[in-house]
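The values are calculated or read from the model by the stated rules, or taken from the named source; none is laboratory data. Predicted model, so just to flag it, every value in this text is computed and none were measured. We place every Cβ from the backbone using ideal geometry, glycine too, and count neighbours over all the protein chains shown. Surface areas here come from the heavy atoms of the whole protein model, side chains and all, with no ligands, DNA or RNA. Shrake-Rupley method; radii C 1.70, N 1.55, O 1.52, S 1.80 Å.
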Amino acid sequence: MNVTIVVGTFGSKQWNSMGKTTANKLANTFGDVPVVHKHADSLVAARNGAISEAGSEWICIVDADDDLPPNYFKHMNKFADSFDLLAPDIRWVYVDRKRKPRVTHMGNVDILNQNPCCIGTVFRKSVWEKVGGFKDLPVLEDWEFFRRCYKNGARLKCVSGAEYIYNLSNSGRNSDAKKRQIIAGKIRKDYYGY
């Protein structure tokens with residue numbers, strides 16, 4: 001699979017440092033896969049900027065506090081010829097370690113109404129170019145992007161067995177449930193046009 005891993009960070013020096021560490025770790029895990037880390041003033045600028053630098057057919061974004069297992073692309077590659085968006089299962093790891101990790105299989109989720117595509121969804125760079133990249137949203141920018149790709153003809157496959165390792169904490173930009181609910185409603189309305 002001709003893929004580049006992208007780690008985009010914004011804000012504090014701590015996130016920049018964490019992004020560099022994650023990029024180095026992923027480069028060691030996936031020795032033949034290029035890894036691009038970009039730090040910018042906003043998450044959308046970091047991600048879109050790093051993707052624009054990638055010279056591969058496929059892109060996989062990894063957040064600076066998340067991870068990929070060594071067999072990730074082996075699972076994804078099985079479906080690369082027939083699809084444009086390859087969505088993994090999600091392994092939820094709780095940073096406080098008070099709860100056991102759990103895996104969510106995303107195969108039965110309707111992308112128009114819910115998000116089956118975490119940020120680790122592997123996608124064709126040509127699809128990203130077609131839809132104009134990520135938009136600057138406070139949360140759920142991944143769902144909005146993948147939903148827009150799907151709406152513009154991208155073929156989606158939920159790939160069981162490929163697990164994106166999502167580290168959950170009680171703080172951060174994704175922890176505000178009310179904000180997530182408001183943005184989700186706006187994303188749904190944008191699709192249906194009312």
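Just to be sure before I move on: is R91 open to solvent by 40 Å² or more (accessible area, probe 1.4 Å) and over 14 Å from the mean Cα position of the chain (by Cα) in the structure I sent? In short, no. Pairs are defined by a Cβ separation below 8 Å, a sequence spacing of at least 6 or placement on different chains, a first member in region 11-28 that is within 17 Å of P70 (Cα to Cα) and buried (at least 18 other Cβ atoms within 10 Å of the Cβ), and a second member that is small (G, A, S) and at pLDDT below 95; the pairs so defined are T22/A64.
Across region 102-119, the qualifying residues are those that are under 21 Å from C60 (Cβ atoms) and not hydrophobic (A, V, I, L, M, F, W, C), and the one among them that is least open to solvent (accessible area, probe 1.4 Å) is P116. Restricting attention to region 34-81, the residues being over 20 Å from F145 (Cα atoms), open to solvent by 20 Å² or more (accessible area, probe 1.4 Å) and part of a loop (DSSP other than H, G, I, E, B) number 9. For region 87-119, a residue qualifies if it is at pLDDT 85 or above, hydrophobic (A, V, I, L, M, F, W, C) and part of a loop (DSSP other than H, G, I, E, B), and the qualifying residues are I111, L112, C117, C118, I119. For region 120-156, filtering for residues that are of a type in the set (K, R), open to solvent by 50 Å² or more (accessible area, probe 1.4 Å) and modelled with pLDDT of 95 or more leaves 2.
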